[in-house]
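To start, the structure under review is shown below, and the notes come after it.
The values are calculated or read from the model by the stated rules, or taken from the named source; none is laboratory data. Just so you know, these numbers come straight off a predicted model, no measurement behind them. Note that we place each Cβ from the backbone using ideal geometry, even for glycine, and neighbour counts take in every protein chain shown. Side chains are part of the model used for accessible areas, which takes the heavy atoms of the whole protein and leaves out ligands, DNA and RNA. Shrake-Rupley method; radii C 1.70, N 1.55, O 1.52, S 1.80 Å.
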Amino acid sequence: MSDALLTVEDLCVDYVTERGWLRVVDKVSFEVQPGEIMGLAGESGSGKSTIIQAILRVLKAPGVITGGTVRFDGKDVLALDKRGLRGLRWCDISLVCQSAMNALNPVITIGEQLGDAIEAHEGVRRSQALVRARELLELVGIEGSRVHAYAHELSGGMRQRVVIAMALALRPRLVLMDEPTTALDVVVQKEILQQIIRLRRELGFAVIFITHDLSLMFELCTHVGVLYAGRLVEHAPSQALFERPMHPYTLGLMRSFPDLHGEGDDLVGVPGNPPDLWKPPKGCRFHPRCPQAFADCSTRAPQLRALVGHRHAACHLVDQVDQLDQLDQLDQVDQEESP
Ligand SMILES: Nc1ncnc2c1ncn2[C@@H]1O[C@H](COP(=O)(O)OP(=O)(O)O)[C@@H](O)[C@H]1O
Ligand SMILES: [Mg+2]
């Protein structure tokens, strides 16, 4: 029925602690199509990294996937054995995280590191692997001659480019990026990300991208998912979300960002703090902080519902709005969006 590259359905993840099992990802569902760049937004602690790690089955203990399914290109990821997982990681799906640039091996050259990965997975000869290593470096904007360099001889930005080259080495179809450039200065950050987007166009991989920088997210992503306290509250094409967020939390999140809506906007943000996941609020988890909450919100949890224009939102308010009125408004937005 769907030709999605990745399908995540009702994913649940718990951390097993001395106090008991803490549910930090609660029935999260979304799809990623081939070539799509999906951003994951949400305050710190909302479960973004946990979701990404669960998709690749690299969750660190005491994290446990307690429910749901993850399918990649028809493969049931949660059912894969060790061998299947080895094939999945790097070849099908690769991961770049914030601290990755510090994980490069300091005692062998970057060319050897790239070459090792290519040689091991593709069974090509050493000389061929080194040629590929050079090409990969050039792909991410580093001179091929730097294959002979050691990690400590490179700047932070260069090291992160090397890590991205490694993530692309085996031509994966999905690249997971968890704040891949947060440790770098803003200019370098933007440059690297724009390069990734260009590469994506050439090589055709899909991306799931986490960043704290919402304006960067809207600029780079084709779709954005918004998480609140372990639940997905909104998911929509990036442009649609930017122009008309449906969930009050998304709106608050956007309003707390200076660059998003031009000068003169007050940074209203989202007052209060995310809930304690040990005792999350009943009903909609966002209701204690929601300026528009009404009685239903504290008793019934809203479900993520498909709306027109490929939007999804989990909010009683959206459910309540007169459907015709809502469709009218959304159609208008969608018409303006189409070229
Ligand atoms: N090892 C752990 N033990 C217990 N709880 C954890 C552990 N790691 C993360 N958590 C909790 O899981 C939730 C989600 O964390 P995370 O996925 O890192 O969020 P994000 O990436 O959105 O900041 C947070 O509430 C965090 O406190
Ligand atoms: Mg994180």
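Here is how the numbers come out for the structure above:
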quantity: Net +/- balance of residues flanking Leu137 in space, Cβ distance below 9 Å, scoring K and R +1, D and E -1; calculated: 0
quantity: Ser215 versus Ala103: modelled label distance in nm, points set 7 Å from Cα along the beta carbon direction; calculated: 3.1 nm
quantity: Relative contact order %, the range 6-221, counting alpha carbon pairs below 8 Å whose residues are six or more apart; calculated: 25 percent
quantity: Residue-averaged 222 nm ellipticity for the chain, from DSSP H runs of 4+ at -39500 (n - 2.57), nearest 500; calculated: -10000 deg cm²/dmol
quantity: When the range 1-96 is reduced to its Cα atoms, the Kirkwood hydrodynamic radius in Å; calculated: 14.0 Å
quantity: For the range 150-210, the spread of Cα positions along each principal axis, largest first, Å; calculated: 30, 24, 18
quantity: Largest to smallest principal axis extent of the C-alpha atoms in the range 118-254, angstrom; calculated: 55, 30, 26
quantity: Under-25-angstrom lysine pairs by C-alpha in the range 6-221, whenever the two are 8 or more apart or on separate chains; calculated: 9
quantity: At R0 = 30 Å, FRET efficiency that the Cβ-Cβ distance of Trp21 and Gln303 yields, to 0.05; calculated: 0.80
quantity: Reduced Cα scattering model of the chain, Debye log10 I(q)/I(0), q = 0.08, 0.10 Å⁻¹; calculated: -0.41, -0.64
quantity: Longest DSSP-loop-exposure-free segment, GluC sites (Glu not before Pro), the chain, at most 11 other Cβ within 10 Å; calculated: 19-142
quantity: Carbon and sulfur %, accessible surface of the chain computed with the full protein complex present, 1.4 Å; calculated: 51 percent
quantity: Net charge of Cβ neighbours under 10 Å - reference Val270; Lys, Arg +1; Asp, Glu -1; calculated: +1
